[in-house]
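Here's the structure we're looking at; comments come further down.
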Amino acid sequence: MTDEPLIYDLSSPGRRGVHSPLPQFDPVDPGDVLPSSELRTDLPLPEASEIDVMRHFLRLSHKNHSVDTAMYPLGSCTMKYNPKVNEVTARTPGLADIHPYQPPETAQGALELIYELEALLASITGFPAVSTQPAAGSQGELCGLLSILAWHESRAETRTQVLVPDSAHGTNPATGTMSGLEVISLPTADDGGIDLQNLKESLGPGVAAIMLTLPSTLGLFERRIAEVVELVHAAGAQVYCDGANMNAMLGRVRPADLGIDVMHLNLHKTFSTPHGGGGPGAGALAVQAHLEPFLPEPRVVRKGDTFALAEPSPTSIGRVHSHLGNFGNLVRAYTFIRSLGAEGLREAADDAVLNANYLRASLSDDYDLPYDRTCMHEVVLAGTRQRRLGVRTLDIAKRLIDYGIHPPTIYFPIIVDEALMIEPTETESRESLDNFIDVMRRIAREAESDPDKLHDAPVNAPVRRLDEVTANRRPNVRRVPESGD
Amino acid sequence: MSYAPNTDADRAAMLRTVGVESIDDLFVDIPVQHRDPTLDLPPALPETDVIRHLGQLGALNATSDDLPSFLGAGFYRHFVPALVDQQLLRSEWYTAYTPYQPEMAQGTLQAMYEFQSLVCDLTGMEVSNASLYDGASALAEAILLCRGLTRRPRVVIAETVHPAYRDVATTYTSALDVDLQVVPAASRDGSSVRPNIESLVEAIDDQTSCVVIQRPDFLGMVVDTDPIVQAARRHGARVVVVVGDPVSLGLLVPPGDLGADIVVGELRSLAGPPAYGGPGAGMFAVKSQLIRRVPGRIAGRTVDLDGKDAFVLTLQTREQHIRRERATSNITTNQALVTLGATISLSALGRRGLREIAEQSLTAAHHAAEALAGAGAVIATDAPYFNEFAVHAPEGAAARLDRLRRDGNVLAGVDLSCVSPRFDDLILVAATELTTASDVEALAAAWARSR
């Protein structure tokens, strides 16, 4: 047994939780209006009381670590504080209880919010056009590549390859495949940047685009960005920027100014909308003017003082969401940008980058630092020194759990052995960082003196390490009803 | 203001540790001519002011309290128990992320496992993932799964599948070798509309990878799917069923029992109000032989070192962070918090509650139809329906809807020209357990006045 039973185990025949509304009409018997062959005879849902349901999920919640519990330095995920005012504004009845198909005349506030948010994101990134329709970063990537392909097609060009550096998020190559493109991996140069010689050799007439992450997943700004953009454009290809790491650049550089053609933003990272235990996110797409005709539709447009949905466009890549994206998250991101303003956003980037560099400088005596240079919003350390002691990065991560800190992203980027990718974000204080540094140093000492402490970790969590091999070999992915149940 | 706690004294001390003079020195890798742009943004607003500003934007929108609403078409206003949002506001849920470190995320993982179990029980399927973005992208992913499985190019999709879902499927497959064939699965006879199964059955051939149908269909009709499933079986095609409204599963035979290979749908209505269409939660459930082709996260049950039951993300070699360009999909973040809401809602409603709100939805829709007929409307739907039906508007749906709103103060439904120009004289009217008798009176009175 788990120490918290499944909701099904709290069920008792005839017990009930909430009551449905009082009847408004004489009941219609479903059997009178639907063929009996269409009606189900059994509905195997639990029957639990309201208090049992409440306690069950409350107790489950207690088994989670969260940003509001303690530091959560998960690299490339930007686990910053989620402002509580965002939750208030997103629950404004006029922004929550509205239907996607109500006439635009009755949804002017919603349309204005989307229009204005797109304009704010355009100002922040420097791109003239933004679509907030993609539901998450990966869907933004798909829209970006499809837009690029549509642009090539509009110039009567067929291109079938996409270049992706080997340091990229796994979503980039997966998106390439979903876009029907052959994915070509680019090796990273010794300084952590793009290898220009290799890029030149890879850029042929079949290359549609390069997808690069800026700053890269090594936490480094691409120092040769101007040369990269020039080479790619000279080959007739486009530059796609994975904007998962935009938090490092707010107010410090507008990616469009660098010559990038298209980028997506993860509103749930940079713009503070909560991660929700794995979503919902929101993945706005920002493009240069030549790609605007291809953005997903429908687009929100302004006509004088009113807002409307544009007529279908023959050039658009089409729709990627049932309506206009994860609107509730757009409300939160809009609230965040309006709360911070230009100075606040720049301060966020400054503190995010300062915090990461402070960790880099403070931990480089105890952990290997594969790329020893100023980093941006995250720093990638390596547990290679500890590996020689028989301790793996996984062990370091699990030991952090015992100290009440969420581990960083581990074994990623895949080009760094024993990688620990640490992103503190701007909302951790110096004291919080000092505590993290202290714990990481203690773990480094434990690796030397008592490695089994790390091998056995965690011991202070709701469960110890899990048997993932059996879970994969014999998947148990649902509660199987007992016979006669 | 940036929610950043560092003081200037903290920053100065930290810069000394880093060994640089100023924060500017940390940004020297950026090309100098592009450094430090001026952002053209409105001034920062304190909490009180930003709440007021957003309240003003909200006041420009009509809610269901302002105008009686019969809008459905894939987005339904259902009863969501009060405890759901109390839970969703718990930091432990909403400020956590994907459970990469299972020892610190047993809450999220067990809730995912319970969600997957509930979806299987509702749909009659054997495996559910932990969600996709929305119903539309879930359908697109189902089509991609069938393409990879069968290596066949054709997809037969009923016109009575949600038009936005069809559009998203078109976008997702636009760069791939997929031929989406939309088949007229409803036919007109004067003012009425009825199912046309034969056209679907005839369209399925040996090059068909899957046939996609919706249940109840986009027009609200509950159609006998057996001939379609039989035809698919004969030709080796898979059957994808889109669930129109998850509450209908409280009453209708689950798609798994009808022979579906994949079931997709939109679960938003179980977790909260429509929120202008998002965030939703895409349901994705399959028969067990397809488990290793499923896109997105799946939670599995296992044990820890001490033999204690526990939960973990499983079969991750399907996913992009391991498999990269050979992954089943590029999805990473899904809609975990919305599915948590749906899980809690289904738990609190339970067996009886879900059935009751399904019956009340059906009841309200049939009373709305009767009231409209009493007001002189012609009910176009000539088939059994669940909680949605079509009404005939001879002068055109758009014009009638506009008058009903302006003169009658009701949002009477959705213009069905979004399905096909053949339906531009039909209005789709939806009702749920939240539809009141006075809403229905207002609808009938408005109709009578607008004639």
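Details
- When the listed pairs A:84/A:269; A:398/B:308; A:269/A:303; A:80/B:308; A:63/A:398 are checked against a 22 Å cut-off, the alpha-carbon distance exceeds it for A:269/A:303; A:80/B:308.
- Exposure proxy order (Cβ contacts within 10 Å, fewest to most) of A:364, B:128, B:269: A:364, B:269, B:128
- Cα convex hull, segment A:349-470: 113 Å³ per residue, rounded to a whole number.
- When you restrict to C-alpha pairs under 8 Å that are six or more residues apart and normalise by the size of segment B:196-275, the relative contact order lands at 29 percent.
- Degrees separating the helix B:47-59 axis from the principal Cα axis of chain B, which is the longest one: 20
- Based on the convex hull around the alpha carbon atoms, chain B presents an average projected area of 27.8 nm².
- Highest average packing first - A:171-178, A:333-340, Cβ atoms within 10 Å: A:171-178, A:333-340
- Built amide H within the under 5 Å cut-off of residue B:179, gap 5+: B:154, B:155
- Within segment A:7-61: Cβ-based charge dipole about Cα centre, in debye rounded to nearest 20 (Lys, Arg +1; Asp, Glu -1): 380
- With a cut-off of 12 Å between beta carbons, the residues surrounding residue A:195 carry a summed charge of -4, where Lys and Arg count +1 and Asp and Glu -1.
- Across segment B:82-345, C-alpha contacts under 8 Å between residues 6 or more apart give a mean separation that, scaled by the residue count, equals a relative contact order of 27 percent.
- Across peptide A:374-386, the mean count of Cβ atoms from other chains lying within 10 Å of each residue's own Cβ comes to 1.
- Counting every C-alpha pair in segment A:155-276, the share spaced more than 25 angstrom apart comes to 20%.
- Prolate/oblate/rounded label for segment B:305-398 (Cα gyration tensor, a/c 1.5): oblate
- Farthest toward positive dipole pole in the protein assembly as shown [+1 Lys/Arg, -1 Asp/Glu at C-beta], among A:158, B:448, A:75: A:158
- Integer Hz, Karplus 6.51/-1.76/1.60 couplings in order for segment B:345-353, x for Gly and Pro: 4, 5, 5, 6, 5, x, 3, 6, x
- When the Cα gyration tensor is reduced to axis lengths a ≥ b ≥ c, the ratio a/c is 1.5 or higher for segment B:231-306, and with a/b not above b/c it is classed as oblate.
- Charge dipole (debye, nearest 20) of the protein assembly as shown; +1 at Cβ of Lys and Arg, -1 at Cβ of Asp and Glu: 960
- Pairwise FRET efficiency - residue A:468 versus residue A:185, Cβ, R0 = 30 Å, nearest 0.05: 0.65
- For the residues of A:351-357, the average number of beta carbons from a partner chain within 10 Å of their own beta carbon is 6.
- Computed P(r) (all Cα pairs; segment B:82-345; 5 Å bins; percent): 1, 6, 13, 18, 19, 16, 12, 8, 4, 2, 1, 0, 0, 0
- For the protein assembly as shown, taking the reciprocal of the average inverse distance between every pair of different Cα atoms yields a Kirkwood hydrodynamic radius of 28.2 Å.
- Rounded to two decimals, the Cα-based Rg/Rh of segment A:85-339, with Kirkwood Rh, is 0.98.
- Overall form of chain A per C-alpha gyration tensor (a/c, 1.5; a/b vs b/c): oblate
- With respect to chain B, whose longest principal axis is taken over its alpha-carbon atoms, helix B:106-123 is tilted by about 10°.
- Calculated SAXS-style log₁₀ I(q)/I(0) at q = 0.11, 0.18, 0.20, 0.21 Å⁻¹ - segment B:19-140, Debye, Cα scatterers: -0.84, -1.19, -1.26, -1.30
- Per the protein assembly as shown, cysteines lacking a partner by the 4.7 Å Cβ criterion: A:77, A:143, A:241, A:375, B:120, B:418
- Positive-pole candidate from B:139, B:23, B:33, dipole of segment B:1-151, charges at beta carbon: B:139
- Charge dipole (Cα centre; +1 on Lys/Arg Cβ, -1 on Asp/Glu Cβ; no other charges) of segment B:40-98 amounts to roughly 200 debye.
- Summarising the label geometry, the points placed 7 Å from Cα in the beta-carbon direction at residue A:230 and residue A:198 lie 2.2 nm from one another.
- Among B:79-86, A:59-66, B:359-366, sorting by the average number of other beta carbon atoms lying within 10 angstrom of each residue, highest first, gives B:359-366, A:59-66, B:79-86.
- Contact order normalised by residue count of chain B, Cα under 8 Å, 6+ apart, percent: 20
- The base-10 log of I(q)/I(0) for segment A:48-146, evaluated at q = 0.18, 0.19, 0.25 Å⁻¹, reads -1.19, -1.21, -1.28 [Debye formula, identical scatterers on Cα atoms, solvent excluded].
- Alpha-carbon Rg with Dmax, taken over segment A:7-61, Å: 15.6, 44
- Selection from A:258, A:330, A:352 lying farthest towards where the dipole of segment A:209-353 points positive, charges on Cβ: A:330
- Neighbour-count ranking [beta-carbon atoms within 10 angstrom, fewest first] of A:431, A:423, B:356, A:47: A:431, A:47, B:356, A:423
- Other protein chain Cβ atoms within 10 Å, averaged over every residue that makes up A:243-254: 3
- Residue order, fewest to most beta carbons within 10 Å, for B:418, B:146: B:418, B:146
- In the protein assembly as shown, the DSSP beta bridges split such that about 55 percent are antiparallel, to the nearest 5.
- The residue A:26 and residue A:59 beta-carbon pair, evaluated with R₀ = 30 Å, returns a calculated FRET efficiency of approximately 0.10.
Coordinate-derived values only; no laboratory data. Everything numeric here is computed off the predicted structure, so don't read it as measured data. Neighbour counts are summed over all protein chains in view; Cβ atoms, including those assigned to glycine, are modelled from backbone coordinates with ideal geometry.
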